[in-house]
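Novice: First the structure, then my questions, so here it is.
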Amino acid sequence: MKNVLVIGATGQIGSELTMELRKRYGGSHVVAGYIIGAEPKGELLESGPSEIADVTDAEAIVKVVKKYDIDTIYNLAALLSVVAESWPRLAWKIGVDGLWNVLEVAREHHCALFTPSSIGSFGLTTPHVMTPQDTIQRPTTIYGVSKVTTELLSDYYFLKYGVDTRAVRFPGIISYVTPPGGGTTDYAVDIYYSAVRGEKFVCPIKQGTLMDMIYMPDALHAAIQLMEADPTKLVHRNAFNLASMSFAPETIYAAIKRHVPEFEMEYKVDPLKQHIADSWPDCMDDSCARSEWGWQPQYDLEAMTVDMLEKLRLKLDK
Ligand code: SER
């Protein structure tokens with residue numbers, strides 16, 4: 001990787017991935033691609049170049065790729081699962097038509113391309129416990145349908161044109177920096193904000209609902225490590241199961257309560273979120289990621305909880 005473009009650089013993953021890439025490769029080598037209305041600010045704006053890079057506008061992306069001699073693109077443009085259910089056409093336009101644009105740019109300009117998939121690419125008929133790398137993918141959300149398409153199109157461009165496409169299936173990502181907004185796994189972020197603000201948490205997901213989750217530093221590390229991996233070792237490409245921790249609401253609540261004894265939680269289940277959560281794996285088998293490119297998470301629930309509480313207390317001045 002010499003010069004990198006991050007599309008969606010002001011979003012949930014992009015805002016932190018851009019900064020992490022700049023730390024590793026130098027600020028001037030990592031372009032923050034954004035859309036109008038979501039302009040970079042503060043450190044993100046000041047630490048390197050930024051350019052408009054809307055996935056629905058292929059020409060604009062080509063201009064940026066040429067201007068900065070880009071060789072690697074992280075395409076993070078997407079709507080999350082819950083919000084996508086309200087805007088299915090838009091979710092497809094961004095997630096699939098947008099990807100097609102980026103794949104074409106990558107093909108013509110010889111760029112490697114990372115476009116994340118998700119636990120959302122699985123559905124009710126997928127084996128839910130230790131979900132295998134290669135298994136049934138029949139999601140019933142537009143988010144999932146577009147993520148499966150993302151995986152297939154990315155593999156297609158690799159097989160047909162040799163475009164160096166690689167991806168992971170991210171679990172729910174937890175971070176204290178940019179809030180996710182519109183995902184099914186967002187509760188696992190929101191719960192920390194409630195704990196630090198001294199508020200009771202109202203959980204939209206039913207007790208006993210297991211989902212894979214990951215702490216942001218591990219998620220960033222995974223994306224970068226995969227893009228730097230030796231291609232001759234990769235049997236799979238789009239996309240690798242990525243596991244780190246799996247828990248239900250009562251488990252994360254108990255983990256927080258050990259540090260915040262007065263913290264309270266009640267359940268008020270959101271039917272759409274619950275329906276989506278029920279269709280996703282309880283826990284994925286990520287042995288292919290471990291054996292093909294050395295994936296190894298650093299954070300478990302306890303380590304993440306300690307760090308989240310500490311960082312959020314500073315951020316919220318509590
Ligand atoms: N975090 C995402 C969501 O909940 C899943 O990848 O939509």
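The values are calculated or read from the model by the stated rules, or taken from the named source; none is laboratory data. Worth saying up front: this structure is predicted, and the values here are computed from it rather than measured. Cβ placement follows ideal geometry from the backbone for every residue including glycine, while neighbour counts extend to all protein chains displayed. Please note that ligands, DNA and RNA were not included when accessible areas were found on the heavy atoms of the full protein model with its side chains. Shrake-Rupley method; radii C 1.70, N 1.55, O 1.52, S 1.80 Å.
Novice: Where in the range 4-38 are there trypsin sites (Lys or Arg not before Pro) that are in a DSSP coil and have at most 10 other Cβ atoms within 10 angstrom of their Cβ?
Specialist: The qualifying sites: there are none.
Novice: Let me ask another. Pick out, in residue order, every one of the trypsin sites (Lys or Arg not before Pro) in the range 237-277 that is DSSP loop and has at most 13 other C-beta atoms within 10 Å; say none if there are none.
Specialist: Sparse-neighbourhood loop trypsin sites (Lys or Arg not before Pro): Arg258, Lys268.
Novice: Something else now. Pick from Ser81, Ser146, Ser287: which residue has the top mean-square fluctuation in a GNM of the chain where Cα pairs under 10 Å get a spring?
Specialist: The residue that fluctuates most here is Ser287.
Novice: Here is a further query. With θ taken as phi - 60° and the coefficients 6.51, -1.76 and 1.60, list the Karplus ³J(HN,Hα) couplings across the range 121-128 in order, rounded to whole Hz; mark glycine and proline as x.
Specialist: 7, 9, x, 4, 8, 6, x, 8
Novice: Tally up the carbon and sulfur contribution to the accessible surface of the range 174-308 as a whole percent, 1.4 Å probe, everything protein left in place.
Specialist: Summing carbon and sulfur atoms, their accessible area is 51 percent of the total for the range 174-308.
Novice: Probe radius 1.4 Å, ligands and nucleic acids ignored: give me the carbon and sulfur share of the accessible area of the range 7-157 as a rounded percent.
Specialist: Heavy-atom surface of the range 7-157 belonging to carbon and sulfur, 1.4 Å probe: 57 percent.
Novice: Give me the number: length gained by fully extending Glu228 to Ile52, i.e. 0.36 nm times residue separation minus the C-alpha to C-alpha distance, one decimal in nm.
Specialist: Extending this stretch completely gives an extra 60.8 nm.
Novice: Step through the table entries Lys66/Lys147; Lys67/Lys160; Lys41/Lys93; Lys2/Lys66; Lys206/Lys273, compare each Cα-Cα distance with 18 Å, and write down the pairs that go over it.
Specialist: Correct reply: Lys66/Lys147; Lys67/Lys160; Lys41/Lys93.
Novice: If you fit an axis through the alpha-carbon atoms of helix 14-25 and take the longest principal axis of the Cα set of the chain, what angle between them do you get, 0 to 90°, nearest 10?
Specialist: In the chain, helix 14-25 runs at an angle near 60 degrees to the longest axis.
Novice: What shape does the range 159-282 have by the C-alpha gyration tensor, where a ≥ b ≥ c are the square roots of the eigenvalues, rounded means a/c under 1.5, and otherwise prolate means a/b greater than b/c and oblate the rest?
Specialist: prolate
Novice: In Å², what does the accessible area per residue of the range 21-70 work out to with a 1.4 Å probe?
Specialist: Values: 2760 Å² over 50 residues.
For the range 21-70, the per-residue accessible area is 55 Å².
Novice: Stokes-Einstein at 20 °C, 1.002 mPa s, Kirkwood radius from Cα pairs: D for the chain in µm² s⁻¹?
Specialist: Stokes-Einstein gives a translational diffusion coefficient of 109 µm²/s.
Novice: Excluding Leu45 itself, calculate the net charge of residues whose Cβ lies under 13 Å from the Cβ of Leu45, where each Lys or Arg counts +1 and each Asp or Glu counts -1. Walk me through the intermediate numbers first.
Specialist: Working: positive: Arg22, Lys41; negative: Glu39, Glu43, Glu46, Glu51.
With Lys, Arg at +1 and Asp, Glu at -1, the neighbours total -2.
Novice: If you take every residue apart from Ile256 with its C-beta less than 13 Å away from the C-beta of Ile256, what net charge results, scoring Lys and Arg +1 and Asp and Glu -1?
Specialist: -3
Novice: May I ask you to evaluate 6.51 cos²θ - 1.76 cosθ + 1.60, the Karplus curve with θ = phi - 60°, for each residue of the range 106-117 and list the ³J(HN,Hα) values in order in whole Hz, giving x for glycine and proline?
Specialist: For the range 106-117, the Karplus-derived couplings read 4, 5, 6, 10, 6, 9, 6, 9, 10, 10, x, 9 Hz, x marking Gly and Pro.
Novice: For the range 79-126, what does the alpha-carbon gyration tensor say about shape, rounded, prolate or oblate, given a ≥ b ≥ c as the root eigenvalues, a/c under 1.5 as rounded, and a/b over b/c as prolate? Walk me through the intermediate numbers first.
Specialist: On the way: a/c = 3.22, a/b = 1.68, b/c = 1.92.
Oblate shape, in that a/c is at least 1.5 and b/c is the bigger or equal ratio.
Novice: On a 0 to 90° scale, report how tilted helix 58-68 is relative to the longest principal axis of the chain, with both axes built from alpha carbons and the result rounded to the nearest 10.
Specialist: It works out to around 80 degrees.
Novice: Would you mind checking which residues have amide H under 5 Å from Cys283's amide H? H placed 1.01 Å from N; only 5 or more apart, or other chain.
Specialist: HN-HN under 5 Å from Cys283: Met130, Thr131.
Novice: Also: For Glu43 and Met130, what does the FRET efficiency come to when R0 = 41 Å and r is the distance between their Cβ atoms, rounded to the nearest 0.05?
Specialist: Details: r = 40 Å, r/R0 = 0.96.
Computed FRET efficiency for Glu43 and Met130: 0.55.
Novice: Count charges around Tyr267 for me, please; just the other residues with Cβ under 14 Å from its Cβ, Lys/Arg as +1, Asp/Glu as -1.
Specialist: That works out to -1.
Novice: Taking amide hydrogens as modeled 1.01 Å from N in the peptide plane, which residues meet the under 5 Å criterion relative to Glu51, leaving out close sequence neighbours?
Specialist: Residues meeting the amide H criterion: Ala32, Gly33, Tyr34.
Novice: HN-Hα J couplings of the range 190-200 from phi, Karplus 6.51/-1.76/1.60, θ = phi - 60°, integer Hz, Gly and Pro as x?
Specialist: So the Karplus estimates, Gly and Pro as x, are 4, 4, 5, 4, 4, 4, 6, 7, x, 9, 6 Hz.
Novice: In addition: Compute the semi-axes of the equivalent ellipsoid of the range 1-62, taking the square root of 5 times each eigenvalue of the Cα gyration tensor, and list them largest first in whole Å.
Specialist: 17, 13, 9
Novice: In terms of modelled amide H atoms, which long-range or inter-chain residues lie less than 5 Å from the amide H of Ser244?
Specialist: Result for Ser244 returns Met213.
Novice: Skip the ligands, DNA and RNA, and give the accessible area per residue of the range 184-318 with a 1.4 Å probe, whole Å².
Specialist: Value returned for the range 184-318: 42 Å² of accessible area per residue.
Novice: Can you show me the helix-derived [θ] at 222 nm for the chain, built from DSSP H runs with n ≥ 4 at -39,500 (n - 2.57) apiece and divided by the number of residues, rounded to the nearest 500.
Specialist: -12500 deg cm²/dmol
Novice: Could you pull out every one of the aspartates and glutamates with an alpha carbon less than 18 Å from that of Lys233, ignoring same-chain neighbours closer than 8 positions?
Specialist: List returned: Asp134, Asp155, Asp164, Asp286, Glu292.
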